[in-house]
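Below you'll find the structure, written out as structure tokens, and then a few comments.
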Amino acid sequence: MQVLQLRIVEREDLSLRVQQIAPASPDSAELPHYELLLVMQNELPLQDFIAAAERYHRMTKVDRWVLRRIFSELERHPQLWQRCSGLSINLSGSSLNDDRLLGFIESLFERYAVDPRRICFELTETAAVANLAKTADLVRHLQRAGCSFSIDDFGVGFSSFDYLKRLPVDYVKIDGSFVKEIERSPSDLAMVRSINEIAHALGRRTVAEYVETPSIRARLAEVGVDYVQGFGVQKPRPLGDWLQAEEALLDPC
């Protein structure tokens, strides 16, 4: 399996998609944000690939492939920012434990003409709190450069608001397992409301995942959630198709 997943990275049997993160209110004039998603181009399930990459200490190689690829694409499409407020890029737990990660990211900003204010790095709750002090230092350093940070899957990991207070992220993504049933489950609605209120009290903005229907989006807007993401907002699109479509809208000739 180690050889297989290494060859997958070397052959670039990985591809990238994007999914929109929109304001919860459909009437908002704010530009949408997008999350970059990793997908497989062969029969191997993505989660199996990631598990193997983590086990054999190759996930940092995957993250670096993603980062190089997207920075190169963003430099080639500067007009994108006329229709997009920013892009979220996931970082694995392996990369968060890599002492060379900060230097690598800084070198990308030096090499490519990408505004750090357009980049949001996304961390899972479990990975972020596994080495909280180190992660917090990384977050603060890159925030000073202009980047923002989001903590993903909040509510299903360690689920402590004390961790959220100590980790200076800009966004909290409420795990979709609570969101998708809020119209039928009072307990899930209470959980979403609680996470949203605490996050706002700490100065964080909130994103609800797994928003599958317009009615769920409307309920989240009523609760006061800031942003929504899911098939009810937009299905993931291949990165190349998205870039070409946005470019065509800006330059129809």
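The values are calculated or read from the model by the stated rules, or taken from the named source; none is laboratory data. These numbers come from a predicted model, not from an experiment. All Cβ positions, even for glycine, are placed from backbone atoms using ideal geometry, and neighbour counts span all protein chains on display. These accessible areas exclude ligands, DNA and RNA; they are computed on the full protein's heavy atoms, side chains included. Shrake-Rupley method; radii C 1.70, N 1.55, O 1.52, S 1.80 Å.
The table below gives the values:
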quantity	calculated
Number of positions in the stretch 161-182 that are under 14 Å from residue 207 (Cα atoms), out of contact with any Ser or Thr (no Cβ under 8 Å at 6 or more places or on another chain) and open to solvent by less than 40 Å² (accessible area, probe 1.4 Å)	4
Filter result (open to solvent by 50 Å² or more (accessible area, probe 1.4 Å), at pLDDT below 95 and in contact with a helix residue (DSSP H, G or I) (Cβ under 8 Å, 6 or more places away or on another chain)) within the stretch 133-152	134
Counted residues, the stretch 161-181 - those being in contact (Cβ under 8 Å) with a residue 40 or more places away in the chain, hydrophobic (A, V, I, L, M, F, W, C) and under 22 Å from residue 213 (Cβ atoms)	2
Pick from the stretch 19-36, criterion more than 14 Å from residue 230 (Cβ to Cβ) and aliphatic (A, V, I, L, M), ranking: surrounded by the most Cβ atoms within 10 Å (Cβ to Cβ)	36
In the stretch 103-132, residue farthest from residue 193 (Cα to Cα) [restricted to those that are modelled with pLDDT under 95 and open to solvent by 70 Å² or more (accessible area, probe 1.4 Å)]	130
Tally of residues being modelled with pLDDT under 90 and among the β-branched types (Val, Ile, Thr) across the stretch 51-72	2
Some residue of the stretch 183-203 being touching a His at 6+ places or on another chain (Cβ under 9 Å), open to solvent by 40 Å² or more (accessible area, probe 1.4 Å) and touching a residue at least 12 places away in the same chain (Cβ under 8 Å)	no
